[in-house]
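Below you'll find the structure, written out as structure tokens, and then a few comments.
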Amino acid sequence: MLSTQDSLRVLYEHALVTRYINVASIAILIFDWCLTFELECSLIWSAKWNIVKALFLITRYLPFFDAIIIFYHQFAPLRDTESCQIAYRINAWLFVVGAFTAEAMLSLRTWAVWKKSRHLAVGLSLLLASVCVAASVSLSFFLKTILFTIPSYPLFTGCLCNGGSSLISVVWIMLMVYDVANLILMSIQAVKLKSRKSIYFGCEIVAMPLTMTVYQEGIIYYLYLFGMFLYSTPIHLQKFNSCLASSLLNVVLTKTLSSDFVNLLAMFKAQRTPVCGSGGFACIRGYSMGEVDQRPPQ
């Protein structure tokens with residue numbers, strides 16, 4: 001049984017790991033923004049306002065507000081746990097809003113490759129609404145159970161998470177379910193198109209760069225998110241995850257890490273959504289407008 005001081009030391013060490021990953025994630029977000037800002041200005045900002053542009057900008061820039069709250073929550077010299085609770089709640093809801101806004105934007109790509117099927121639009125809308133409600137309800141219950149500790153050390157900054165319900169895993173699972181559905185839909189159309197148009201992925205010569213980009217960006221993105229959600233789910237759901245996919249990385253990491261790391265990759269996921277999702281969207285728009293080189297790699 002650990003003493004109070006030992007417990008605080010362990011919590012602090014775990015918090016440091018999370019902080020390192022959060023800072024690295026924010027650095028990636030800023031670096032990607034610098035790389036793609038010129039393309040974004042020419043393709044997105046100059047376009048007429050519509051639902052797609054609004055979704056893109058929300059997805060792209062909401063993580064920056066998320067990052068500000070994270071820095072406040074983890075690096076500001078807070079003196080009461082109520083401030084920790086408020087900052088954490090704002091951060092959590094910003095993440096959910098950003099995640100489902102990104103899902104809505106990416107669903108437009110799935111809808112487009114299915115030739116704007118009305119039935120698919122209704123089905124995806126209902127599925128997205130269902131997973132959004134389930135994730136929001138689970139998150140609201142989780143936020144009521146989260147506890148924070150602020151050690152009485154003069155130079156300590158931020159908050160230490162000191163426990164909470166495992167209901168946060170439902171948010172990851174709901175997002176994973178929706179992404180799996182989109183992955184299946186994208187893959188079906190990609191297989192059909194490959195058989196008709198002889199489109200090859202990888203190092204083969206690509207006859208239709210725009211179409212290849214739409215399918216390849218979409219499929220790779222959903223495969224990536226699927227792996228991220230598997231990794232982010234707590235240990236006690238490992239058996240359930242194994243039924244969905246065989247992931248050696250997930251098995252190793254979830255078996256070796258403490259349950260304190262249940263939100264270890266939350267900010268990493270928050271910044272990967274705009275980097276992968278909106279970045280891919282900008283590239284697709286660039287291909288369609290002829291502003292991105294469509295030649296296959298040499």
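Worth pointing out:
- Only Lys, Arg (+1) and Asp, Glu (-1) charged, at Cβ; region 1-125 dipole about Cα centre in debye: 680 debye
- Cα lying deepest toward the dipole's positive end in region 1-61, options 50, 30, 61, charges on Cβ: 50
- Cut-off under 5 Å, modelled amide H: who pairs with residue 148 long-range: 162
- Mean shadow area of region 71-141, taken as a quarter of the surface of its Cα convex hull (nm²): 5.6 nm²
- When +1 charges are put on Lys and Arg Cβ atoms and -1 charges on Asp and Glu Cβ atoms, the dipole computed for region 64-178 relative to its Cα centre reaches about 500 debye.
- Reducing region 1-74 and region 125-185 to their Cα centroids gives an inter-centroid distance of 16 Å.
Quick note: the coordinates plus some simple rules give every number you see, no bench work behind them. Note that the coordinates shown come from a computational prediction; the quantities given were computed from them, not determined experimentally. We place every Cβ from the backbone using ideal geometry, glycine too, and count neighbours over all the protein chains shown.
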